[in-house]
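K.L.:
Dropping the structure in here first, questions after.
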Amino acid sequence: MELFHKAKAVRLRSHHDKYLLAEENEETVCQDRNGSSRKTRWTVEFLEGGQLLRLKSSYGRYLTASNVPFLLGMTGRKVLQTIPPRLDSSLEWEPVREGFHVKLKTRYGYFLRANGGLPPWRNSVTHDIPHRSSTQDWVLWEVDIVEIQVDSPKPMLHGRATSNLVANEASSSSSAGTSPNLSKLESFDSSPHSPPKYDGRNIYFSIAEDNGAVEESSDTTFFSFKGTSVADLTEKLKEETELDDIIVCSRSPLTGKINPLRLQLPPNNFDMHVIVVKSSSKLAKSFQSI
């Protein structure tokens, strides 16, 4: 908590050298390199007892550890900016110092996590417990104080007193022609059986190693794709993977072998799993003999 001592407003910089940013839709948060934006400014509210705090965005909404899965089947859950009808524990963060950095822990033991990697993980923010050593630093944040608290910070109360405060604030916002935008939070499908559907089919993809090995992990990513053209799918995957020279493949359900997709995709919107193979790899050269 001493890193926030005397802080009235802060910026939080992630391990990826990006700042926690409240997006203009007033619902989601992300990471961005532009630390000069007012959207990276978070007002600090200290709670009674001094061990917990709330962070309020430039839109007057609180940083919230929601129960909405970031991707269904994954452990990480969405971090949002909201104005709930009652200030509950989902808005409360406990700073845990680690050297010159801080971890922000929820009341349920999860940590504010700045994700990296391929889309849709890139620049996203979730709350989770990192299990892999390569992602341990993703929960570390640097605290930049952008406004100092002149007087000692007054602790906020729990319970009805703060609920009335938020209700009045939400009422004022509505009378000014704006309203708390919570519809998406309330309408997310939390079904554990399938990811949210978009216009088109979900294309799941993994990137093969040079020897053809494909890591089967829960971090497999997907995007929505319309159409049946392999050429169009290849171009889309080039954007998603940031690789220039690739071959789009699939794994045979009978033999388990990886083969290039040569024909059009099936003319329906069933989800597909594809494997991205670099054209310079040994695996790609083996296709020449097929």
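The values are calculated or read from the model by the stated rules, or taken from the named source; none is laboratory data. What you see is a predicted model, and the numbers here were worked out from it, not measured in a lab. With ideal geometry, Cβ positions are generated from the backbone for all residues, glycine too; neighbour counts draw on all protein chains shown. Accessible surface is based on the protein model in full, side chains and every heavy atom, while ligands, DNA and RNA are left aside. Shrake-Rupley method; radii C 1.70, N 1.55, O 1.52, S 1.80 Å.
K.L.:
Among the candidates 117, 99, which residue alone is open to solvent by 30 Å² or more (accessible area, probe 1.4 Å), in contact (Cβ under 8 Å) with a residue 24 or more places away in the chain and at positive phi? Walk me through how you get there before you give the answer.
P.N.:
On the way: 99 fails: in contact (Cβ under 8 Å) with a residue 24 or more places away in the chain.
Among 117, 99, only 117 is open to solvent by 30 Å² or more (accessible area, probe 1.4 Å), in contact (Cβ under 8 Å) with a residue 24 or more places away in the chain and at positive phi.
K.L.:
Has the range 103-111 got any residue that is more than 12 Å from the chain's Cα centre (by Cα), more than 30 Å from residue 242 (Cα to Cα) and of a type in the set (Phe, Trp, Tyr)? Outline the logic, then answer.
P.N.:
Going residue by residue through the range 103-111, those that are more than 12 Å from the chain's Cα centre (by Cα) are 103-111.
Now restrict to residues that are more than 30 Å from residue 242 (Cα to Cα): 103-110.
Remaining after also requiring of a type in the set (Phe, Trp, Tyr): 108, 110.
Yes, the range 103-111 contains a residue that is more than 12 Å from the chain's Cα centre (by Cα), more than 30 Å from residue 242 (Cα to Cα) and of a type in the set (Phe, Trp, Tyr).
K.L.:
I would also like to ask the following. If you check residue 149 against the conditions, is it polar (S, T, N, Q), under 20 Å from residue 41 (Cα atoms) and modelled with pLDDT under 90? Working first, answer last.
P.N.:
Working: polar (S, T, N, Q): yes; under 20 Å from residue 41 (Cα atoms): yes; modelled with pLDDT under 90: yes.
Yes, satisfied.
K.L.:
Sticking with this structure for a sec: When the residues of the range 46-81 are narrowed to those that are small (Gly, Ala, Ser) and over 17 Å from residue 93 (Cβ atoms), which ends up most open to solvent (accessible area, probe 1.4 Å)? Quick ask: steps written out before the conclusion?
P.N.:
First, the residues of the range 46-81 that are small (Gly, Ala, Ser): 49-50, 57-58, 60, 65-66, 73, 76.
Keeping just the survivors that are over 17 Å from residue 93 (Cβ atoms) gives 58, 60, 73.
Numbers: 58: 46, 60: 15, 73: 71 Å².
The extreme case among them is 73.
K.L.:
Pairs needed: first member in the range 1-29, free of Cβ contacts under 8 Å to residues at least 40 places away in the same chain and assigned to a strand (DSSP E or B); second member anywhere, open to solvent by 10 Å² or more (accessible area, probe 1.4 Å) and polar (S, T, N, Q); C-beta distance under 8 Å; at least 6 residues apart or different chains.
P.N.:
Matching pairs, first to second residue: 19/34; 19/37; 21/34; 21/37.
K.L.:
What is the number of the single condition among (1) open to solvent by 90 Å² or more (accessible area, probe 1.4 Å); (2) part of a loop (DSSP other than H, G, I, E, B); (3) among the acidic types (Asp, Glu) that residue 210 does not meet?
P.N.:
Of the numbered conditions (1) open to solvent by 90 Å² or more (accessible area, probe 1.4 Å); (2) part of a loop (DSSP other than H, G, I, E, B); (3) among the acidic types (Asp, Glu), the odd one out for residue 210 is (1).
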